[in-house]
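K.L.:
Starting off with a structure, shown below.
The values are calculated or read from the model by the stated rules, or taken from the named source; none is laboratory data. Model, not experiment: these values are computed from the prediction. Note that each Cβ is placed from the backbone with ideal geometry, even for glycine, and that neighbours are counted across all protein chains shown. When the accessible area is computed, the model is the full protein with side chains, heavy atoms only, and any ligands, DNA or RNA have been set aside. Shrake-Rupley method; radii C 1.70, N 1.55, O 1.52, S 1.80 Å.
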Amino acid sequence: MIATAFQPHRDRLVALAYRMLGSVAGAEDVVQETWVRWSEAPDVANPRAWLVTVCTRLCLDELRSARARREQHTGPWLPEPWVDEAPPPPGVLAESLSMAFLLLLEVLSPRERAAFLLREVFEEDYDAIAAVLDTSPANVRQLVRRAKAAIDADRPRFDADPEAHQALLAAFGAALQSGDRGALEALLCADVVATSDGGGRAPAATRLLHGPERVSKFVHGVFRKAPPERFSARPCWVNGQPGLVAVYDGAVFSVIAMSVVQGRIARWDTVLDPLKLGHVRA
């Protein structure tokens, strides 16, 4: 009975926790702890409200300590990749999954982040959010207003044509496997930006890269040492956008997300840190 009441809410809790933390493993841990507390709780009149409250408060606790760890992070930080085999349905929930969007959330305080996500992504009402954050609805409105102002200034806008994405993915994967740097460069926007996160445990750029020449040179450098017979690149969807899982000798060594504008790659985000790739299948 307890499990039956919890299960309909599990996906929503995972989706919320992942956007709060930027960590697949962290989200699963928070939802597991929410389940433990749920299983020990007395009768609850409103299960959804209770579960969202517990999950959000656990995320706030974790986010405060996670931010301290990120300050010591080597090079640019990226979320753990969320990998799917099919594109997500269009809408606000899919948009809020992108690497670019999650990086924008990093400018918010933990409470602003919670208020913004609960209101703008998960469509909770102000009274419900006030109960979660133990504050007034008026204060929640202020939190959401400040967060929206910060997010809307740089909110990413990308193409959403799955067929065009698939064609670009195929061309990108072929260029990677052939080692053709010119072919890679031709797929990039003039103002392309690349971010790589090795966490100090894998080779990665220590700062953002700008422009087709610098980005293609870095991408070529990362993959050129992989013999074709030992390397493969599997198309998938990473954080709601076209992406690749790069496999070397049967093990995942990189997950790449690409944001597309007018048929070319505008953002190239690659996670190389092995600690962030353990949940990804080869």
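K.L.:
Can you work out which of the residues in the stretch 158-179 that are in contact with a helix residue (DSSP H, G or I) (Cβ under 8 Å, 6 or more places away or on another chain) and aliphatic (A, V, I, L, M) is modelled with the highest pLDDT?
P.N.:
171
K.L.:
With the structure loaded, tell me whether residue 229 is in contact with a helix residue (DSSP H, G or I) (Cβ under 8 Å, 6 or more places away or on another chain), farther than 29 Å from residue 72 by Cα and not in a strand (DSSP E or B) or whether it fails that test.
P.N.:
Working: in contact with a helix residue (DSSP H, G or I) (Cβ under 8 Å, 6 or more places away or on another chain): no; farther than 29 Å from residue 72 by Cα: yes; not in a strand (DSSP E or B): yes.
Against the criterion (in contact with a helix residue (DSSP H, G or I) (Cβ under 8 Å, 6 or more places away or on another chain), farther than 29 Å from residue 72 by Cα and not in a strand (DSSP E or B)), residue 229 does not qualify.
K.L.:
Still on this structure, I have one more. Would you say residue 132 is surrounded by 13 or more Cβ atoms within 10 Å (Cβ to Cβ) and at pLDDT 95 or above?
P.N.:
Numbers: surrounded by 13 or more Cβ atoms within 10 Å (Cβ to Cβ): yes; at pLDDT 95 or above: yes.
Criteria met by residue 132.
K.L.:
For residue 123, all conditions in the list (1) closer than 24 Å to residue 26 by Cβ; (2) exposed (fewer than 14 other Cβ atoms within 10 Å of the Cβ); (3) within 18 Å of the chain's Cα centre (by Cα) hold save one; what is the number of the exception?
P.N.:
Condition (3) is where residue 123 drops out.
K.L.:
Also, I was wondering about something else. Anything in the stretch 88-105 that is closer than 19 Å to residue 195 by Cα, assigned to a helix (DSSP H, G or I) and open to solvent by less than 40 Å² (accessible area, probe 1.4 Å)? List them, or say none.
P.N.:
Correct list: 99, 100, 101, 102, 104, 105.
K.L.:
Further question: Identify all residues within the stretch 138-178 that are over 30 Å from residue 230 (Cα atoms), assigned to a helix (DSSP H, G or I) and open to solvent by 50 Å² or more (accessible area, probe 1.4 Å); write none if there are none.
P.N.:
Selection gives 138, 141, 142, 145, 146, 148, 149, 152.
K.L.:
When only residues in the stretch 234-255 that are farther than 20 Å from residue 195 by Cα and outside any strand (DSSP E or B) count, which is least open to solvent (accessible area, probe 1.4 Å)?
P.N.:
Only one residue tops the list, namely 250.
K.L.:
Taking into account only those residues within the stretch 29-57 that are under 18 Å from residue 119 (Cα atoms) and aliphatic (A, V, I, L, M), which is most open to solvent (accessible area, probe 1.4 Å)? If you could, list the steps in order and put the result at the bottom.
P.N.:
Of the residues in the stretch 29-57, the ones under 18 Å from residue 119 (Cα atoms) are 48-57.
Filter again for aliphatic (A, V, I, L, M), leaving 49, 51-52, 54.
On the way: 49: 47, 51: 1, 52: 11, 54: 25 Å².
Checked the stretch 29-57; the qualifying residue most open to solvent (accessible area, probe 1.4 Å) is 49.
K.L.:
For the stretch 212-233, give me each residue that is in contact (Cβ under 8 Å) with a residue 40 or more places away in the chain and buried (at least 16 other Cβ atoms within 10 Å of the Cβ).
P.N.:
215, 219, 220, 222, 223, 231, 232, 233
K.L.:
All but one of (1) touching a residue at least 40 places away in the same chain (Cβ under 8 Å); (2) out of contact with any Lys or Arg (no Cβ under 7 Å at 6 or more places or on another chain); (3) open to solvent by less than 30 Å² (accessible area, probe 1.4 Å); (4) not hydroxyl-bearing (Ser, Thr, Tyr) hold for residue 110, so report the exception by its number.
P.N.:
Residue 110 satisfies all of (1) touching a residue at least 40 places away in the same chain (Cβ under 8 Å); (2) out of contact with any Lys or Arg (no Cβ under 7 Å at 6 or more places or on another chain); (3) open to solvent by less than 30 Å² (accessible area, probe 1.4 Å); (4) not hydroxyl-bearing (Ser, Thr, Tyr) except (2).
K.L.:
Can I ask one more? Of the conditions (1) touching a residue at least 24 places away in the same chain (Cβ under 8 Å); (2) under 15 Å from residue 252 (Cα atoms), residue 196 clears all except one; give me its number.
P.N.:
Failing condition for residue 196: (2).
K.L.:
Please go through the stretch 15-28 and pick out each residue that is surrounded by 15 or more Cβ atoms within 10 Å (Cβ to Cβ) and of a type in the set (A, V, I, L, M).
P.N.:
15, 16, 17, 20, 21, 24, 27 - these are the residues of the stretch 15-28 that are surrounded by 15 or more Cβ atoms within 10 Å (Cβ to Cβ) and of a type in the set (A, V, I, L, M).
K.L.:
Same structure again: Give all pairs with beta carbons closer than 8 Å in which a residue from the stretch 130-147 that is under 17 Å from residue 58 (Cα atoms) meets a residue that is not in a helix (DSSP H, G or I); count only pairs at least 6 apart in sequence or on separate chains.
P.N.:
Once the first residue is under 17 Å from residue 58 (Cα atoms) and sits in the stretch 130-147, its partners that are not in a helix (DSSP H, G or I) give 130/136; 132/124.
K.L.:
Out of curiosity, is residue 205 over 27 Å from residue 91 (Cβ atoms), outside any strand (DSSP E or B) and either touching a Leu at 6+ places or on another chain (Cβ under 7 Å) or not basic (Lys, Arg) (or both)?
P.N.:
Numbers: over 27 Å from residue 91 (Cβ atoms): yes; outside any strand (DSSP E or B): yes; either touching a Leu at 6+ places or on another chain (Cβ under 7 Å) or not basic (Lys, Arg) (or both): yes.
For residue 205, the condition - over 27 Å from residue 91 (Cβ atoms), outside any strand (DSSP E or B) and either touching a Leu at 6+ places or on another chain (Cβ under 7 Å) or not basic (Lys, Arg) (or both) - is met.
K.L.:
Still on this structure, please answer the following. Out of the residues in the stretch 180-211 meeting the condition of being more than 25 Å from residue 77 (Cβ to Cβ) and surrounded by fewer than 15 Cβ atoms within 10 Å (Cβ to Cβ), tell me which one is modelled with the lowest pLDDT. Steps first, answer last, please.
P.N.:
Let us first name the residues in the stretch 180-211 that are more than 25 Å from residue 77 (Cβ to Cβ), namely 180-183, 185-187, 190.
From what is left, the residues that are surrounded by fewer than 15 Cβ atoms within 10 Å (Cβ to Cβ) are 180, 182, 186, 190.
Working: 180: 86, 182: 91, 186: 94, 190: 94.
Step by step, filter the stretch 180-211, then rank; the result is 180.
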